[in-house]
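Computed from the coordinates by the stated procedures, all read-outs in this text should not be read as laboratory data. Note that the structure is a prediction, hence the values are computed from the model and not measured. All Cβ positions, even for glycine, are placed from backbone atoms using ideal geometry, and neighbour counts span all protein chains on display.
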């Protein structure tokens, strides 16, 4: 799935690294302001007839890291959304990202004190688990329910990074007299703006594609003989491109 995303949609992490976060946050902010009755497809009649709904959304796609030489990973996830008002949702999303890894190439380390200069080089793998609470708003273009529409959202949550130590870094530090070397798992705050295209092809079943930007960073921790040392701040941000179905009831 991740290779399909890159090949078919031409998504390259280097080109989007700087522009995409700013674009996503700006679009989300503007969308929140103009959603609702300002949308071209806003229907007062539908608002009056609105009833609360629950939406379950299994999703699959790709994660494109914004830093380092990590390979694009595969994302599996589920979101449960409560539609509390016409075109407005509060949702909880869990996702797991696998295959975020890089080749075991070590930086030059002459002294243990230089561990603080490590960044993403300390990791061979950095699998992700995210737990996000978000608020989302629909932006319909027409009153026709079968016409695709946009959905904007902004989420806040927790990101857990499950790590595998770069064996080249371990070998380098071991040669300096460090017996036990490994990088530790990290947990940090995650901010996630989202924009998606939704199409209600069948009653109570909607196809969608979401683009999300995960903003998260933290200092890494490397254990040297049981003594934790902090690295420089590591950017764990990146782009999710997800496909799925939304079931309503």
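So if R0 is 30 Å, what FRET efficiency would residue 203 and residue 162 give, r being the distance between their Cβ atoms, rounded to the nearest 0.05? Don't skip to the end; give the middle numbers.
Details: r = 40 Å, r/R0 = 1.33.
The pair residue 203/residue 162 has a calculated efficiency of 0.15.
Averaging 1/r across all pairs of distinct Cα atoms in the range 170-249 and inverting the result yields a Kirkwood radius of 16.1 Å. The protection proxy used here, the mean number of other Cβ atoms lying within 10 Å of each residue, ranks peptides 222-231, 235-244, 204-213 as follows, highest first: 235-244, 204-213, 222-231.
Note on residue 54 and residue 243: with the Förster distance fixed at 22 Å, the Cβ-Cβ geometry gives a FRET efficiency of about 0.60. Full extension of the chain between residue 185 and residue 146 yields a length gain of 9.6 nm, computed as 0.36 nm times the residue separation minus the alpha carbon distance.
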